[in-house]
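Here is the structure we will look at, set down as structure tokens.
The values are calculated or read from the model by the stated rules, or taken from the named source; none is laboratory data. What you see is a predicted model; the values in this text were computed from it and never measured. No Cβ is skipped: glycine too gets one built from the backbone with ideal geometry, and neighbour counts run over all protein chains shown.
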Amino acid sequence: MRPRVVRIAKPPRNTGRLTGQRPDAPAPTACRRSATLSRHEPPIAPVELTVLGAGPAYTDRPGATGAAYLVRLGRTAILLDLGQGSFPRLAAELEPSTLDGVFVSHLHSDHFVDLVPLRHYLRFEFTPVRRVRVLGPAGLADRIDALNGTPGFTLASLDCEGLGGEPVRVGDLVVQPTRVTHTDESYGFRVEGPDGGPGLVYSGDCGRAADLAAMIQPGDALLAEVSFGPGPVPDGALHLDGPAVGDLAAATGAGRVLLTHLQMGFDEAATIESVRRRFDGPVTLVEPGDRAEI
Ligand SMILES: [Zn+2]
Ligand SMILES: [Zn+2]
């Protein structure tokens, strides 16, 4: 996996820890400088995104795994989705039982099926069993139970909660879920630090770009699915294409666009170009290992 920093959006700061930080280690920047801060200064550490998986439901792209995005601020770590094959990449970034929460956008397997290895890991690697909070659509636990044919399978180590329209505070992060057009219950998420500032807006899978517009604040990073590349999206396919994402980013004043979930067979350069024709900020197609400060 080739780590690369997608873009540093703000002036360089003394972060210096974009790789290999263990979750139980103190946040070096904040600790080093805390003695000089008043209590009212905002946290120094930026919200950090690490792409664990950026694939769609299937693809022949080497190394592609299902949707999984790790978002960290200081000692707080959450996941947005955990699709197929991404659990090992999660485990390479942090000890998975230290996750503060997993937010599941919708009940398509490319967005949640690696909750199964997470469940097993928590159940069998620790005595007593460790638990992680999982927030997602209604029926998530039943869906995983059915996959394994075992009632109660999921709740053995995952604490499942439903999502509504209210923001959810998890450690130092605030996650705002918003319903989007895709399945009966699909969400996009906006994640920000406790004191506001630029956020990360994740589209999940989304069949109507306008659903995301109210979530995006000027300067936000927009992590958007672009399933149908340069487009067009076929009738009835509830996904986005590059022109839709570009128009959305331009209309909302997004600071940059991170493209993901590109389906098999679409040209990467043409997809990026289709966004750039409509949005003049930075545009990147992300892949596993990419990191960005928000
Ligand atoms: Zn998907
Ligand atoms: Zn989907």
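Screening T183, T252 for residues that are hydroxyl-bearing (S, T, Y), within 16 Å of ligand 1 (Cβ to nearest atom) and either touching a strand residue (DSSP E or B) at 6+ places or on another chain (Cβ under 7 Å) or at pLDDT 95 or above (or both) leaves exactly one candidate, T183.
Checked against the criterion of being surrounded by fewer than 19 Cβ atoms within 10 Å (Cβ to Cβ), small (G, A, S) and either in contact (Cβ under 8 Å) with a residue 12 or more places away in the chain or in contact with a Phe, Trp or Tyr (Cβ under 9 Å, 6 or more places away or on another chain) (or both), the candidates A249, A237 yield just one match: A237.
Taking only segment 79-99 into account, find how many residues are of a type in the set (S, T, N, Q) and surrounded by 21 or more Cβ atoms within 10 Å (Cβ to Cβ). The qualifying residues number 2.
Matching residues to (1) crowded, with 19+ Cβ neighbours inside 10 Å; (2) more than 21 Å from E48 (Cβ to Cβ); (3) hydroxyl-bearing (S, T, Y); (4) modelled with pLDDT under 95:
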{"position": "G101", "(1), (2), (3), (4)": "yes, no, no, no"}
{"position": "H108", "(1), (2), (3), (4)": "yes, yes, no, no"}
{"position": "R130", "(1), (2), (3), (4)": "no, yes, no, no"}
{"position": "R143", "(1), (2), (3), (4)": "no, yes, no, no"}
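Of all residues in segment 59-78, those satisfying the criterion of being touching a helix residue (DSSP H, G or I) at 6+ places or on another chain (Cβ under 8 Å) and within 16 Å of ligand 2 (Cβ to nearest atom) are T65, G66, A67, A68. Summed over segment 95-152, residues that are within 16 Å of ligand 1 (Cβ to nearest atom), aliphatic (A, V, I, L, M) and either part of a loop (DSSP other than H, G, I, E, B) or free of Cβ contacts under 8 Å to residues at least 24 places away in the same chain (or both) total 3.
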